[in-house]
């Protein structure tokens, strides 16, 4: 079709057709408007006056109105937005959008370079792609056959929100890739942001309209993308820079990160010019300092730079650790600081009873965010820093980290500054505050039975996404349920009735139904999630997984001695004692039995002392399996002695692939790794190959 020829080919438009040929004229206008959009919004180099652009835009609108059959969804006229019919649906990322590890000091970067070289078998010199760490909102753009079909926020890295309608209004993002040979599928990862000047203009309009002003460009970008009415998003100037890739089908993966960005640029996908390819730690630190000197003059906000091993094959060799790649790191700039006064020092009670001093501050803007509270960590830290009520202090905020008080200004200390005194009784329940000799943290001795603060904290931990994942159970709902004495323990959640929920503040029948459904859904979980949800002190996600893998079933965990617990990877003497103390408490034992009686269940396994059939074997899971959840499949692998990895490499033995399997499946096929569907996977588990 002629329109396809005009929109996907070269940057040079064909000869201008006249109005007697509407299809050709519409295609030519789309090509020209896209070309001018790219020059204006990406290159900042307008090619025609605004009046001429507007004239062409109106002409295309008129043609599409007279000939609706010529209207295509990637036309420049379709960027104006519309009212959404429903809130944002969830999108599961084919390839997870993982976070990066952080470095703050030069030594952190030198050590990163050393770890990379060690992981690449002591290569003497490594090539790195360096780029900026933008202060915006991470987005995955999905293109099918070159056309934008879906856009999703990062979310928790595995599931985000579908914001396609709003993304389509962002002029910098192409609705169609400018290439004659687009891949069948391409997930472009990048950052949506608002330039400093555009934020100033937006806030000026907000002031005139009596609306809320945005504290910083990141908040403005996030708020704009989460508008249910995309016409509002269309009125705000958002920008985009690509920096990564998710799924790819129908094209070869570029051999390096720098080549990937060059490929994007060739298709009119915006990439930042502030990037380079360097070698070794010295090159990384030189880039960091050069960008630091230019930071204030950049048109957008950044909070650091990012280093990635440039070669794609070396990235695959290094792989991932936990939720971050081994081949990349973010080098953060020094945290932004400000002066303010300490108006009071109060204490907060955490879910484990920890008593944390918190400074109540005169409001101050730090890094674009108004700060009114800052942690003082513990009593010893308050004494060491000699922070007093009435002091003028330096407050630091780094990214999303809770602000902290660094130090007081001696020459500004008033004569009536008062020292902080740790309370001897819990401010919530009145129980004695105790501090073990070998610990820096003082704690409320009341436990969750007496202390409402510990009860609320424990329940919020229990319902959180990485624990029982009970959607809709937020802070306000938990607070009401505890304050009104409707629930005391996590087991009480499963005894809640519809009417009790619906009658709570800010709840309606539909919300109550959703919470009831989420509670029922949460009953089917995994042993690792259940152990983590219990909130045992010192037991995080990784330790919970190791306990589940090692023992296979809850009953084995319940009767394990400290000596047996010490056999578990990631469990030391302190953790073993903490687990045993928790399980020996009769109220905790009763809670576990009540939860099981309420129907909370998971796949149970008996761990045999005989050799495990998949010991030393590495599996990778990708896509959606017909009946097994990913956690269930991973549990089966781990019980059989296998390891579940996040990426495919030459060391992978099996890839288990379901529907919508993406780049991991392609990589497995490229490396000749065995690929199994769910049936083949279950057959392999039932009939493992002879050792």
Consider only pairs whose beta carbons are under 8 Å apart and that are at least six residues apart or on different chains; among these, list those whose first residue lies in the range 596-611 and is over 17 Å from residue 531 (Cα atoms) and not assigned by TED's automatic domain parsing to the domain that holds residue 516 and whose second residue is part of a loop (DSSP other than H, G, I, E, B) and modelled with pLDDT under 70.
611/691
State which residue is modelled with the highest pLDDT when the search covers only the range 51-89 and only residues that are in contact with a strand residue (DSSP E or B) (Cβ under 6 Å, 6 or more places away or on another chain) and surrounded by fewer than 15 Cβ atoms within 10 Å (Cβ to Cβ).
89
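For the range 271-351, list the strands (runs of 3 or more DSSP E) that sit wholly inside it and hold at least 2 residues that are over 26 Å from the mean Cα position of the chain (by Cα) and touching a residue at least 12 places away in the same chain (Cβ under 8 Å); which are they? Show your work before the answer.
On the way: elements: 276-279, 302-309, 328-332, 336-349.
Ranges flagged: 276-279, 336-349.
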Of all residues in the range 187-220 being surrounded by fewer than 21 Cβ atoms within 10 Å (Cβ to Cβ) and under 25 Å from the mean Cα position of the chain (by Cα), the one that is nearest to residue 91 (Cα to Cα)
189
In the range 565-585, is there at least one residue being assigned to a loop (DSSP other than H, G, I, E, B) and either buried (at least 18 other Cβ atoms within 10 Å of the Cβ) or assigned by TED's automatic domain parsing to the domain that holds residue 315 (or both)?
yes
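Here are some residues: 116, 126, 110, 48. Which one is surrounded by 14 or more Cβ atoms within 10 Å (Cβ to Cβ) and at pLDDT below 80? Give the steps one after another, and end with the answer.
Details: 116 fails: at pLDDT below 80; 126 fails: at pLDDT below 80; 110 fails: at pLDDT below 80.
Answer to the check: 48.
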Among the residues of the range 251-269, is any touching a residue at least 60 places away in the same chain (Cβ under 8 Å), assigned to a strand (DSSP E or B) and over 27 Å from residue 198 (Cα atoms)?
yes
Only one of 404, 411, 381 that is out of contact with any strand residue (DSSP E or B) (no Cβ under 7 Å at 6 or more places or on another chain), within 27 Å of residue 422 (Cβ to Cβ) and not assigned by TED's automatic domain parsing to the domain that holds residue 112:
381
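Within the range 624-654, which residues are assigned to a loop (DSSP other than H, G, I, E, B) and either over 23 Å from residue 316 (Cα atoms) or at pLDDT below 80 (or both)?
Here is the first cut: in the range 624-654, the ones assigned to a loop (DSSP other than H, G, I, E, B) are 625-629, 640-642, 646-653.
Scanning the range 624-654 gives 625, 626, 627, 628, 629, 640, 641, 646, 647.
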From (1) surrounded by 17 or more Cβ atoms within 10 Å (Cβ to Cβ); (2) modelled with pLDDT of 95 or more; (3) more than 19 Å from the chain's Cα centre (by Cα), pick out the condition that doesn't hold for residue 354.
(2)
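The values are calculated or read from the model by the stated rules, or taken from the named source; none is laboratory data. Please read these numbers as outputs of a predicted model, since none were measured by experiment. Cβ sites come from the backbone with ideal geometry, for glycine too, and all protein chains shown count toward neighbours.
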